[in-house]
1. Ordering Y55, Y37 by accessible area with a probe of 1.4 Å, largest first, what comes out?
2. May I ask you to evaluate 6.51 cos²θ - 1.76 cosθ + 1.60, the Karplus curve with θ = phi - 60°, for each residue of segment 51-58 and list the ³J(HN,Hα) values in order in whole Hz, giving x for glycine and proline?
3. Kindly report, to the nearest 10 Å², the accessible surface of I81 as traced by a 1.4 Å probe over protein heavy atoms only.
Amino acid sequence: PLAIGQLPLTIGQDGAQANCQLLAKRVKHVLTHRILYADFYLWEPAGRPALPDGYFWVPEAEIDRFAVPRLVEILLDFLHI
């Protein structure tokens, strides 16, 4: 169980521990057929996690070159990216 104000602790694929920081809680996102509420967390592992075949990391400066779902755009706004 978590104590009030305690950040969740996660274990990465490499077994390293990393803290998660809550950026925003219950961010409302309205779709045509439903309403979503999302919590945004910042997870900073010690190393970059491995990606499955066919996936690749996108540098922050190049994110505008790719299609990004609106909810992810809202998250990027919270991160000032």
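The values are calculated or read from the model by the stated rules, or taken from the named source; none is laboratory data. What you are looking at is a predicted structure, and each value in this text was computed from that prediction instead of being measured. Accessible surface areas use protein heavy atoms only, side chains included; no ligands, DNA or RNA. Shrake-Rupley method; radii C 1.70, N 1.55, O 1.52, S 1.80 Å.
1. Ranked from most to least accessible, the order is Y55, Y37.
2. So the Karplus estimates, Gly and Pro as x, are 10, x, 3, x, 9, 8, 7, 10 Hz.
3. Solvent-accessible area, nearest 10 Å²: 70 Å².
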